[in-house]
Amino acid sequence: MLTSKKWIEATNAIGLVAKAGNEGKKLKKTKAITLLQVMTAYLFGWLIAKYYLIKNKKTNYIMTFNSIGDACISLAFLDTYKEVNRIDHITIVAPNTNAETYHYFEGSYHHILHISKFIHGVLMLFFKSDLGYIFRRNHPRFINTFCTTYIRSDYLKYNKTIDVITLTKTIYQIPQHSKPRKLKDLKSIHDISYLIDKFDIKKKKTIIFNPYAHSISGVPFIIYEKISEKLSTMGYQLITSTIGNQTPIKGTMAIHFTIGEAVGLANYCGFVIGTRSGFFDLVVHSDAKIIAIDSTDYPWSDFYRLSQWQVNSELHEFRYNGSNVETIVSNVLSLLG
């Protein structure tokens, strides 16, 4: 016979089982809704891509990612892609962000089709699917250049053998020895003389610090502070690239410049030091001495090796491992001494 205590325990147990059953039904319903949403996105992505192909049958569509670095990598090999595959007309499909990045590669493409971030996201989801694979195989005029469209991201993280430029060349089906095109000189569009006058910038004797990066957050600010402290006694002018409320490195001047001004300013200043970011995929094409620092905490460090560009003999890369601040500082200063 159940005592009152046991009866309460039994009732509670039944209640928990019933609750679990209800949660299970809700979970199944949620999964069903999620699956329906994904399938709808796949179908929507197929319709969008097919619409573009029908709308213009004389162009090849190249879909780029919205970050500066990934866009640079996609755009830099378009000339070779056109030559090898005998392509006459290129339309870039991209969200309307970082538009100045594309100015550096004018002449490699004929038109930019600006799409919303939502449409871009739907197309990305579609091209990663099996349906997207079938579409790519049947419609080679529409290429998504983002590498995780083809290979799972968890395979690329922490790998030390594959890099983004090698994969991009593979996607374009061009030889691995292909070289990136030279960037267009944007002096006629972006005159940096106002920056030079405003900050009295010393030609070939100014260090541009760029310590901020969206992806890599593991590089401590103290590295740049220690480097700045030493360089201030060595005759260098020191400036920090900042946006909004970002704090300049102690002992440096805060300066804001656009992406379109970045390469010209790097050429004039002569030196760029900072945390590895897409910004460096641009300035590595300059004549400046480039010192880029990444972190072992960043899983894509080797995949995005800056040295794979092979365009700047004055490129130096360092990796913070949690305990080598002084080593990095010493090595950087030896390059500038």
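The values are calculated or read from the model by the stated rules, or taken from the named source; none is laboratory data. Computed from a predicted model, the values in this text were never measured in an experiment. Cβ atoms come from the backbone with ideal geometry, glycine included; neighbour counts cover every protein chain shown.
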Item to complete: Report whether or not ILE208 is assigned by TED's automatic domain parsing to the domain that holds THR101, part of a strand (DSSP E or B) and either buried (at least 17 other Cβ atoms within 10 Å of the Cβ) or in contact with a strand residue (DSSP E or B) (Cβ under 9 Å, 6 or more places away or on another chain) (or both).
Response: no
Item to complete: Would you mind stating whether LYS226 is basic (Lys, Arg), buried (at least 17 other Cβ atoms within 10 Å of the Cβ) and outside the structural domain of SER67 (by TED's automatic domain parsing)?
Response: yes
Item to complete: Taking the options MET253, MET234, name whichever one is of a type outside the set (Ser, Thr, Tyr) and out of contact with any strand residue (DSSP E or B) (no Cβ under 7 Å at 6 or more places or on another chain).
Response: MET234
Practice prompt. For ILE239, indicate whether it is at pLDDT 95 or above, touching a strand residue (DSSP E or B) at 6+ places or on another chain (Cβ under 6 Å) and surrounded by 12 or more Cβ atoms within 10 Å (Cβ to Cβ).
Written response: yes
Worksheet item: Hey, any hits in the range 169-178 for a residue that's under 17 Å from the mean Cα position of the chain (by Cα), assigned to a loop (DSSP other than H, G, I, E, B) and surrounded by fewer than 12 Cβ atoms within 10 Å (Cβ to Cβ)?
Response: no
Worksheet entry | Residue list for the range 199-230, restricted to those being aliphatic (A, V, I, L, M) and out of contact with any Cys (no Cβ under 6 Å at 6 or more places or on another chain) | ILE201, ILE207, ALA213, ILE216, VAL219, ILE222, ILE223, ILE227
Worksheet entry | Single unsatisfied condition, ALA213 versus (1) in a helix (DSSP H, G or I); (2) surrounded by 17 or more Cβ atoms within 10 Å (Cβ to Cβ); (3) out of contact with any Pro (no Cβ under 6 Å at 6 or more places or on another chain) | (1)
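At pLDDT 95 or above, under 17 Å from LYS182 (Cα atoms) and surrounded by fewer than 20 Cβ atoms within 10 Å (Cβ to Cβ): which single residue out of VAL311, VAL263, VAL283 fits that description?
VAL311
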Fill in: Output for the range 62-95, where each listed residue is in contact with a His (Cβ under 9 Å, 6 or more places away or on another chain) and part of a strand (DSSP E or B)
MET63, ILE90, THR91, ILE92, VAL93, ALA94, PRO95
Worksheet entry | Filter pass, LEU125 being surrounded by fewer than 19 Cβ atoms within 10 Å (Cβ to Cβ) and touching a Phe, Trp or Tyr at 6+ places or on another chain (Cβ under 8 Å) | yes
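Any chance you could count how many residues in the range 127-152 are in a helix (DSSP H, G or I), among the polar types (S, T, N, Q) and within 23 Å of ALA76 (Cα to Cα)? Before the answer, list the steps.
Narrowing the range 127-152 to residues in a helix (DSSP H, G or I): 127-128, 130-138, 147-149.
Narrowing further to those that are among the polar types (S, T, N, Q): 138, 148-149.
Next, from what is left, pick out any that are within 23 Å of ALA76 (Cα to Cα): 148-149.
Of the residues in the range 127-152, 2 are in a helix (DSSP H, G or I), among the polar types (S, T, N, Q) and within 23 Å of ALA76 (Cα to Cα).
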Response to the item:
For helices (runs of 4 or more DSSP H) lying entirely in the range 239-337, having 2 or more residues that are without any contact (Cβ under 8 Å) to a residue 60 or more places away in the chain and in contact with a helix residue (DSSP H, G or I) (Cβ under 7 Å, 6 or more places away or on another chain) picks out 259-269
Practice prompt. Return yes or no: is LEU123 in a strand (DSSP E or B) and not polar (S, T, N, Q)?
Written response: no
Discussion item. Tally up the residues in the range 96-114 that are crowded, with 18+ Cβ neighbours inside 10 Å and part of a strand (DSSP E or B), please.
Written reply: 0
